[in-house]
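Visitor: Would you mind keeping the following structure in view while I ask a few things?
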Amino acid sequence: MSVQYIVCPHCAIELRKGIKACRGCDAAVRYGPPWPYIVAALVPSVWLAVVSHRIFYDSVIVSVLVGAIFFGGLWAMLSMAFDDRAVFKRPST
């Protein structure tokens, strides 16, 4: 397995992927999909859970499980799509 590197856009230091903060400028590093995409995946999952509750009457557990499985699939696709995304945020001074 090869080590992957990312470059800080603020100080141009090469860092290992997975690091939580830049050692040059102390910028916080976040990985993964942006939060609007997560919300966009959550909305149809909740809708599907509500619709499945109408189908499986009086079974809240089944409807929550259907929504959770659907959200898990969307989360997996988002994680694969944004695998290489790293966001650097400098602390405000």
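The values are calculated or read from the model by the stated rules, or taken from the named source; none is laboratory data. None of the values given here were measured: they were computed from a predicted structure. Counting neighbours? That spans all protein chains shown, and the Cβs are built from the backbone with ideal geometry, glycine included. Accessible surface areas use protein heavy atoms only, side chains included; no ligands, DNA or RNA. Shrake-Rupley method; radii C 1.70, N 1.55, O 1.52, S 1.80 Å.
Visitor: First compute the accessible area of the chain with a 1.4 Å probe, then give the percent of it belonging to carbon and sulfur atoms. Show your work: numbers first, answer last.
Guide: Working: 4600 of 6980 Å².
Looking at the chain in its full context, I get 66 percent from C and S.
Visitor: While we're here: Non-local amide H neighbours of Gly32 (under 5 Å, H modeled in plane, Pro and chain starts lacking H): which ones?
Guide: Answer set, sorted by chain and number: Arg85.
Visitor: Could you sort Leu78, Leu42, Leu15, Leu48 by accessible area so the largest value comes first, with the probe set to 1.4 Å?
Guide: Most to least solvent-accessible, the answer reads Leu42, Leu48, Leu78, Leu15.
Visitor: For the chain, what is the calculated [θ] at 222 nm in deg cm²/dmol (nearest 500), taking -39500 (n - 2.57) for each run of four or more DSSP H residues and dividing by its residue count?
Guide: Using -39500 (n - 2.57) per qualifying helix, the result is -16000 deg cm²/dmol.
Visitor: Suppose accessible area is computed on protein heavy atoms with a 1.4 Å probe; arrange Ser52, Ser59 from highest to lowest.
Guide: Numbers: Ser52 5, Ser59 30 Å².
Largest accessible area first, the residues go Ser59, Ser52.
Visitor: So for Tyr37, Tyr57, Tyr31, what's the accessible-area order with a 1.4 Å probe, most first?
Guide: I get Tyr57, Tyr37, Tyr31, largest accessible area first.
Visitor: Mind listing the phi-derived Karplus ³J(HN,Hα) values for the range 76-84, rounded to whole Hz, using 6.51, -1.76 and 1.60 with θ = phi - 60°, and x for any glycine or proline?
Guide: 5, 5, 5, 5, 5, 5, 10, 5, 9
Visitor: With a cut-off of at most 15 other beta carbons within 10 Å, and DSSP calling the residue loop, which trypsin sites (Lys or Arg not before Pro) in the range 2-83 qualify? Please list them.
Guide: Of the trypsin sites (Lys or Arg not before Pro), the ones in loops of the range 2-83 whose Cβ has at most 15 other Cβ atoms within 10 Å are Lys17, Lys20, Arg23.
Visitor: For the residue pair Phe82 and Val62, what label-to-label distance in nm results when each label sits 7 Å from Cα along the Cα-to-beta-carbon direction?
Guide: 3.4
Visitor: Also: Can you pull a Stokes-Einstein diffusion coefficient for the range 14-76 at 4 °C (1.567 mPa s), Rh from Kirkwood over Cα pairs, as a whole number of µm²/s?
Guide: Values: Rh = 14.0 Å.
Roughly 92 µm²/s, to the nearest whole number.
Visitor: What does the accessible area of Ile19 come to, in Å² to the nearest 10, when a probe of 1.4 Å is used?
Guide: Looks like 50 Å² after rounding.
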